[in-house]
Structures are given as C-alpha cells and as structure tokens.
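The values are calculated or read from the model by the stated rules, or taken from the named source; none is laboratory data. Bear in mind that the values here come from a model prediction, so they are computed numbers and not experimental data. All Cβ positions, glycine included, derive from the backbone under ideal geometry; neighbour counts span all protein chains shown. Side chains included, ligands, DNA and RNA excluded: accessible areas come from the protein's heavy atoms. Shrake-Rupley method; radii C 1.70, N 1.55, O 1.52, S 1.80 Å.
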Amino acid sequence: MSKGFSKTSVGRKVLMALSGFFLLIFLLQHFIINSLSVISPDGFNSTSHFMGTNPLIQYVMQPVLIFGVLFHLMMGINLELKNKQARPVKYAFNKPGENSSWMSRNMIITGIMVMLFLGLHFYDFWIPEIKTKFINGDMSGLNAEGGMRYFEELQHKFVNPIRVGIYCLAFVFLSLHLLHGFQSAFQSVGFRHNRYTPTIKKLGNLYAIIIPLGFIAIALFHFINSSH
Amino acid sequence: MNLTLKIWRQKDAKSAGKMETYPISNVSPDSSFLEMLDLLNNELIDKGEDPVAFDHDCREGICGMCSLYINGEAHGPDRGVTTCQLHMRMFKDGDTIYIEPFRSKAFPVIKDLVVDRSSFDRIQHAGGFVSVNTSGNTQDANAIPVPKRDADKAFDAATCIGCGACVATCKNGSAMLYVSAKVSQFAYLPQGRVEATERVLNMVEQMDKEGFGNCTNTGACEVECPKGISLEFIAKMNKEYLKAATCAEK
C-alpha cells in the first residue's frame, strides 16, 4: 500500500467502504443472535454466554468492532468537513432532489443518528455487561435464581415504551443509511458490473429493509410480551 | 415569452457578488438559452450597463465551454445537453429563472458567470495523456488490436467534454466523474496501460491538491452530465487506484 493511501480521496472512500462491509457482516450476526431471543430463549442464553465469554470474541473481535465503528464515524465526519470546504459559496437556488436520492445526500445525518443510538445501546447493554464481567468478576452468566440471565435482561430493556420507540426510530435511520450505503460500498471498492450490479442493488435494498425491520419486530415482540 | 432572470453578478474575482434581477420580454421559445442571454446583453449594452459575462464557444455542445447553474441544475432542466443546447421552450412564459456560476472552491469565479476551470487542465497535465516517441518511427495505433468492448468503453469515456457539470452538481464538489473518465479512456486501451499506474496516482493526487471534494456515490453527476458519462468509470478509477496504490513498485 502506498504511503498516504488514507489521505487521498479515493483511498478514504475505499477505507470507508471496507469498514462499512465489516459493519454489515457484524450487523447480520447480531440480528441472527437477537432472532434467537424470539425463537428460542435457551438458544439465546447459551449463544450470548458464548459470545460474552469466548476470549477470541471478547479480546480480539470486540476491540476490532469498536475500532471499526469509531473509524467509520470519524472518517465519515472527516469526509463531510472536507466536502463542505470544497464548496465555500452555496447556490442561491438548488434542486438536488432532481438528480439524487435523499438517502445518498444525507448519509452523515442518518449515520450520526445511528451513532447516537449506539451510545444508548452501549449504556443499556455493553456497559452493564462489562461491569458484571470485568468489575464484579462474574463470568458465570447466571442470575440470582441460578438461571441464565441474558434473556431476562433483554426482556427487561424492552419494557419502557419510550426506549422501545427510540430503538425503533434508530433502526429506521439505519435502514435509510443502508439503502445507500450497501450498494455504495461496492462502487467504492471498484466493483461494478453490468451483470452483477443490479443484483447487488436489489440485495442491498432487501438487506436495508429486512434487517432493521427484523430488529424492530424483535423489540416490539418483547415489548408486547412484557405488557401482557 | 416574458421572463424574470435572477443572475449572479460579480465584478471580478476579488469582489463580493450578489443576485440581480432582470426582466426580459419577447424571448422566442425556439431560441437557445445562450441566445436569450445575448438578447439580455444587447438590452444592457443599449442602456449603457455592463453586460453579463458568461462562458461559451462552439455553441454545438462539444467544446465544454458553456457552464451555468440554471434553476438549481447544471446546464438547466433538460437532460443530456449543454447550456448552449438548452432551448427556451423548456421554460414557461412568466417563469423566474435563477442563473448562477458553477460553484466550487476549485472553480473560482472570474466575473459574473465565468469560472476558472484550469484546475481540470492541471489534472490532465498530471497524467491524462499517452507518451509517444515522435522520432519518426512511431507505430500506427491502428496496428495494435483492441477488443471491441474495450474500444467502445474507451470511446464512451473519451466523450467527456470537461465542462465541470459533475463538480457543479455534486453536493461534495467532487471531480471524480471527470477524472475517472480521463483515467478510463486510456486504461481500457493497450497504449494507455503502459503508464496506467503513474497516471491514476498522479491524476488523483492533483485532483486532491486542487481542493475538489470526495465522492459519496450520490450519482447526481451521472444524471446531470451532458455526455452521459457513467458512474461505471468512477468504479473503474477506484479499481485502478487500488491496484496502483497496493501493487506499485515505487
């Protein structure tokens, strides 16, 4: 890799795309695990325990994930600031809607909204988990009654309707972000082909709708269950 | 047609500009947009006022000289045309038309609607050429077989007239459609492969130095490009750059 690759416009977009691909894969595995909470609470408990105690996941994958999220955020803000400088005088009259989608033009807004939600998500799940395991030293995954604690904790987080509402709204922003981001990442790494690109766009739209909608459905499922 | 024109007026590169309003009447719907501006300038000259400065040359849609951001779109509301090919029938009697220069840090305004697009020339100088030994025994380019598909792609890329509509349109002021067309037109040809690595690295470096923004794949440039240059070339440039930056022996 040449010196200064990350400082060039093309290099930055390639790195943005690669971190995006990584986050797309992470999101898919997160969705699969969360789906278990609807299908099989026991399966969810054992998978969560494995993910929360496996050294490879905890000490290698988790830091890589945090780095990936922060890198994607910082690079996105950096690009946005540089792009603002490229047009110091704005148009008096502009019609961007004539030639591009709202999603493609507002990736920074949808991205920041998702990141703000991640702050709440960390506060809700990640920080208590780190406290339990690494401060209290409890790696057992058990609650006070001796049963597995993960499913119970998840259900407890979806009792408050405001929190569920914020959760659902965040996934609407994520969907808008992915509607452009998925296919854009392929374009950024130079993959565009007459035969495959239309399929990638369709696949991207499906991913951008199904995965966030799935997360919303899981949250509503637990909220409805808790209120009965 | 009777119209109200709101035009950016700026005395010179250092002065602050502002939008001025000019009513204009008896405009033929069959006239071109530039002819309509000619009509306005004749009226301004008759009144002893300074005519509106705007770029133009061939008026046939091939030189890339005319620019203008008309009613919020580069080269106006029509598709696949330059401003000189835009006809007044695209507007309605009584319309208000906003006319602004292409806005970009790398395209500073010289006067009124005229912008300095020499940043594009400097990008070309950085690598948009094929070096040829002209000692007298140069090989005929036609003697080198080129697959039809590659020749067509190279030709499509070469139809870029360098007008700058892509930069003007892009929300980020990115020049990647232009640079990618110039990189690709040679990258698809065997004659261009020899210098492909240096070309893409040098042209991208110069593009960044000029202060253009970063591409975020909105696709607006492709829609507004008067020559229909495809985003496919940006993907091609990204691939060429990735290959050059990771594999170049420098």
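Computed from label points 7 Å out along Cα-Cβ, the spacing between B:Ala151 and B:Gln124 is 2.5 nm.
The dipole here belongs to segment B:3-111: it is taken about the Cα centre, uses +1 on the Cβ of Lys and Arg and -1 on the Cβ of Asp and Glu, and is about 520 debye. Considering all different alpha carbon pairs of segment B:117-247, the Kirkwood hydrodynamic radius works out to 15.0 Å.
Taking amide H as placed 1.01 Å from N in the peptide plane, the amide H of B:Leu5 sits under 5 Å from that of B:Tyr22, B:Ile24, B:Ile97, each at least 5 places away or on another chain. Estimated from helices alone, the mean residue ellipticity of the protein assembly as shown at 222 nm is -16500 deg cm²/dmol (sum of -39500 (n - 2.57) over DSSP H runs with n ≥ 4, per residue). Legend: residues B:His125, A:His222, sorted from most to least accessible area (1.4 Å probe; ligands, DNA and RNA excluded), read B:His125, A:His222. Annotation for A:Val172 and A:Gln85: the two label points, set 7 Å from Cα along the Cα-Cβ direction, are 3.6 nm apart.
Straight-line reach from B:Lys111: taking Cα to Cα under 18 Å and skipping same-chain neighbours fewer than 8 places apart, the lysines in range are A:Lys90, B:Lys6, B:Lys11, B:Lys14, B:Lys18. Take each residue in B:45-56, count the other chain C-beta atoms within 10 Å of its C-beta, and the mean is 0. FRET efficiency for the A:Ile224 to A:His193 pair, using the beta carbon distance and R₀ = 60 Å, is estimated at 0.85. As a calculated quantity, the FRET efficiency between A:Ile130 and A:Asn160 at R0 = 22 Å, using C-beta atoms, amounts to about 0.50.
Positive-end ranking of B:Leu37, A:Gly20, B:Ala168 along the dipole of the protein assembly as shown, with charges on Cβ about the Cα centre, is headed by A:Gly20. Oblate is the label for segment A:38-78, because a/c, from the alpha-carbon gyration tensor with a ≥ b ≥ c as root eigenvalues, is 1.5 or above and a/b does not exceed b/c. Other protein chain C-beta atoms within 10 Å of residue C-beta, averaged over B:135-142: 0. Extension gain, A:Ser101 to A:Ile33, is 21.3 nm, computed as 0.36 nm per intervening residue step minus the present C-alpha separation.
Straightening the chain between B:Glu60 and B:Ile45 buys 2.8 nm, computed as 0.36 nm per residue apart minus the Cα-Cα spacing. Put +1 on the Cβ of every Lys and Arg and -1 on every Asp and Glu Cβ in segment A:82-228; which of A:Ser184, A:Asn225, A:Ala144 then has its Cα farthest towards the positive end of the dipole? The residue sitting most towards the positive pole is A:Ser184.
Ranked by the mean number of other Cβ atoms within 10 Å of their residues, highest first, the peptides A:7-16, B:141-150, A:132-141 fall in the order A:7-16, A:132-141, B:141-150. Take each residue in B:155-166, count the other chain C-beta atoms within 10 Å of its C-beta, and the mean is 0. How big is Rg to Rh over segment A:1-65, alpha-carbon atoms, Rh as the Kirkwood inverse-mean-distance radius? Answer for segment A:1-65: 1.18. Fully extending the segment from A:Ala217 to A:Ser140, taken as 0.36 nm per residue of separation minus the present Cα-Cα distance, adds 24.8 nm.
Assign unit charges at the C-beta atoms only (+1 for Lys and Arg, -1 for Asp and Glu), then state the dipole size of chain A relative to its Cα centre in Debye, rounded to the nearest 20. My answer is approximately 1480 debye. Put +1 on the Cβ of every Lys and Arg and -1 on every Asp and Glu Cβ in the protein assembly as shown; which of B:Gly80, A:Leu116, B:Tyr69 then has its Cα farthest towards the positive end of the dipole? Result: A:Leu116, furthest along the dipole toward the positive end.
Rg and Dmax of segment A:79-228, both derived from C-alpha coordinates alone, stand at 20.5, 66 Å. The DSSP beta bridges internal to segment B:3-111 are antiparallel in roughly 75% of cases. Bridges between two residues of the protein assembly as shown, per DSSP, are antiparallel at a rate of about 75%. Calculate, for A:Leu118 and B:Lys6, the FRET efficiency according to 1/(1 + (r/R0)^6) with r their C-beta to C-beta distance and R0 45 Å; round to the nearest 0.05. According to the calculation, E is roughly 0.50. For segment B:3-111, the alpha-carbon coordinates run over 37, 33, 24 Å along the three principal axes, in decreasing order.
Highest mean first, the peptides A:54-60, A:81-87 sorted by other C-beta atoms within 10 Å per residue fall in the order A:81-87, A:54-60.
Using alpha carbon centroids, what distance separates segment A:142-216 and segment A:62-114, in Å? Using only Cα atoms, the two centres lie 19 Å from each other. Within chain B, all pairs of alpha-carbon atoms sorted by distance into 5 Å bins from zero give the percentages 1, 6, 12, 16, 17, 14, 11, 8, 6, 4, 3, 1, 0. In a reduced charge model with +1 at each Lys and Arg Cβ and -1 at each Asp and Glu Cβ, the protein assembly as shown shows a dipole moment near 920 debye about its Cα centre. Ordered from longest to shortest, the equivalent ellipsoid semi-axes for the protein assembly as shown are 51, 29, 18 Å, each the square root of 5 times a Cα gyration tensor eigenvalue. Computed with a 1.4 Å probe over protein heavy atoms only, the accessible area of A:Trp126 comes to about 80 Å².
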